[in-house]
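S.K.: This structure is in structure tokens; I'll ask about it shortly.
The values are calculated or read from the model by the stated rules, or taken from the named source; none is laboratory data. Bear in mind that the values here come from a model prediction, so they are computed numbers and not experimental data. FYI the Cβ positions are ideal-geometry reconstructions off the backbone, even for glycines, and counts take in every protein chain you see.
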Amino acid sequence: MARHTPRIFLLVCVTSLVLLMLLVSFGFFSESSSPSTLVGNRSFFVDGDFEFWDKKANSTSPPDVVKTTLGNSTKGETPMPPLNRSSYEKLPIWDVEEVYNQDAPPRPQTCAQSLRNSEDEGFKAAFLPNIRLYMHKDNVNISEWNRLSHFNNPFGFMGHKYKDVMEAVKLIPKPNEPLFPPKPGSNGCVRCAVVGTAGILNGSKMGKEINSHDYVIRMNGAVIKGHEEDVGNRTDVYVHTAHSITASSHLFKKYGYAGAPFDEGIKYVMIPEGLRDYYWLTALLKRQRVASGVFRNHR
């Protein structure tokens with residue numbers, strides 16, 4: 001990986017962003033020009049009511065594909081009770097697995113090398129260029145909550161109570177877009193470098209090439225100081241969980257990690273692993289101490 005060409009970096013970037021598209025992100029913009037915060041999750045939308053199967057509530061085994069009943073029922077106006085992951089003997093497959101929120105048609109693009117121009121039938125069938133990327137206070141209604149409640153974190157809200165999660169979600173304004181506009185002179189193309197934390201770049205001397213990309217995306221314990229020659233020194237997007245952004249300063253201190261990147265204009269993408277992330281996010285957006293969970297009383 002340390003010897004990959006810029007074209008491979010582009011492919012890695014786009015592949016990673018496609019994966020991130022399966023996680024709906026939402027944005028928080030502070031009162032000043034300080035960095036914005038995005039939080040990752042997966043988003044679906046469907047109207048109607050649902051029929052649930054689990055081994056404790058039913059004497060028969062659930063079918064391979066669990067059916068939902070859709071219609072005009074007013075049950076969609078009430079948050080459904082939490083489903084318990086431990087109730088299932090195997091991963092339930094819902095019959096609306098492939099229903100996704102999609103925004104208006106994507107903006108016209110002029111990049112000749114864009115993967116949107118791919119002729120690969122498998123890729124074209126799987127790639128949704130206008131899938132909704134950002135979750136915010138205006139796009140999680142009761143119907144969507146009920147839909148997402150069928151899926152475990154980070155893909156949904158299984159096992160969580162409506163009030164615990166929505167306290168955080170309702171604080172998040174709609175993000176400004178586009179978040180990754182093409183740079184001047186780029187012919188409409190956006191080139192990204194996605195830098196992980198496995199250490200494979202150690203000794204690679206790829207820092208200059210990484211910095212040459214339009215956007216640099218880093219994840220979790222992104223150790224930069226002292227390793228700039230190998231990993232570069234720019235960060236435009238920082239992907240994390242509540243745990244990684246709080247624990248990395250201890251876990252990776254011996255490698256030179258002092259804290260999350262804080263470049264001008266940086267965007268933070270949070271992937272919620274559980275309720276602790278929503279409690280942490282609520283405190284962040286309210287600028288107060290965490291009220292509940294493992295981060296209680298933390299700032």
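S.K.: Could you please give the count of residues in the stretch 124-153 that are in a loop (DSSP other than H, G, I, E, B) and of a type in the set (Val, Ile, Thr)? Spell out how you get there, then give the answer.
M.R.: Step one: filter the stretch 124-153 for residues in a loop (DSSP other than H, G, I, E, B), giving 127-130, 132-141, 149-153.
Narrowing further to those that are of a type in the set (Val, Ile, Thr): 140.
Looking only at that region, the number is 1.
S.K.: Between residues in the stretch 101-122 that are within 30 Å of Asp138 (Cβ to Cβ) and residues that are assigned to a loop (DSSP other than H, G, I, E, B) and among the basic types (Lys, Arg), which pairs lie under 9 Å by C-beta distance while being six or more apart or on different chains?
M.R.: Pairs found: Asn101/Arg132; Gln102/Arg132; Asp103/Arg132.
S.K.: Among the numbered criteria (1) more than 21 Å from Thr282 (Cα to Cα); (2) in contact with a Phe, Trp or Tyr (Cβ under 7 Å, 6 or more places away or on another chain); (3) at pLDDT below 85, which single criterion is violated by His150?
M.R.: Of (1) more than 21 Å from Thr282 (Cα to Cα); (2) in contact with a Phe, Trp or Tyr (Cβ under 7 Å, 6 or more places away or on another chain); (3) at pLDDT below 85, only one is false for His150: (3).
S.K.: Just to be sure, is Val239 outside any loop (DSSP other than H, G, I, E, B) and touching a residue at least 60 places away in the same chain (Cβ under 8 Å)?
M.R.: yes
S.K.: Next up: Out of the stretch 77-123, which residues are surrounded by fewer than 12 Cβ atoms within 10 Å (Cβ to Cβ) and in a helix (DSSP H, G or I)?
M.R.: Of everything in the stretch 77-123, those that are surrounded by fewer than 12 Cβ atoms within 10 Å (Cβ to Cβ) and in a helix (DSSP H, G or I) turn out to be Glu77, Ser86, Asn117, Glu121, Gly122.
S.K.: Sticking with this one: Test Ile172 against the stated conditions and say whether it is hydrophobic (A, V, I, L, M, F, W, C), assigned to a loop (DSSP other than H, G, I, E, B) and touching a strand residue (DSSP E or B) at 6+ places or on another chain (Cβ under 6 Å).
M.R.: Yes; evaluated as a whole, the condition is true for this residue.
Residues checked against (1) at positive phi; (2) in a loop (DSSP other than H, G, I, E, B):
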| site | (1), (2) |
| --- | --- |
| Gly226 | yes, yes |
| Arg234 | no, yes |
| Ser244 | no, no |
| Ser249 | no, no |
| Tyr268 | no, no |
| Tyr278 | no, no |
| Thr282 | no, no |
| Gln288 | no, yes |
| Asn297 | yes, yes |
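S.K.: Further question on the same structure: Quickly run through the stretch 192-219 and pick out the residues that are of a type outside the set (A, V, I, L, M), surrounded by fewer than 20 Cβ atoms within 10 Å (Cβ to Cβ) and assigned to a loop (DSSP other than H, G, I, E, B).
M.R.: Residues satisfying the conditions are Gly196, Thr197, Gly199, Asn202, Gly203, Ser204, Lys205, Ser212, Asp214.
S.K.: Is it true that Ser248 is surrounded by 14 or more Cβ atoms within 10 Å (Cβ to Cβ), in contact with a Lys or Arg (Cβ under 9 Å, 6 or more places away or on another chain), modelled with pLDDT of 90 or more and of a type in the set (S, T, N, Q)?
M.R.: no
S.K.: Can you tell me which residue in the stretch 147-187 is surrounded by the fewest Cβ atoms within 10 Å (Cβ to Cβ), limited to those that are charged (D, E, K, R) and under 27 Å from Leu91 (Cα atoms)?
M.R.: Lys163
S.K.: Report the residue count in the stretch 107-147 for those that are of a type in the set (A, V, I, L, M) and under 21 Å from Thr282 (Cβ atoms).
M.R.: Matching residues across the stretch 107-147 total 3.
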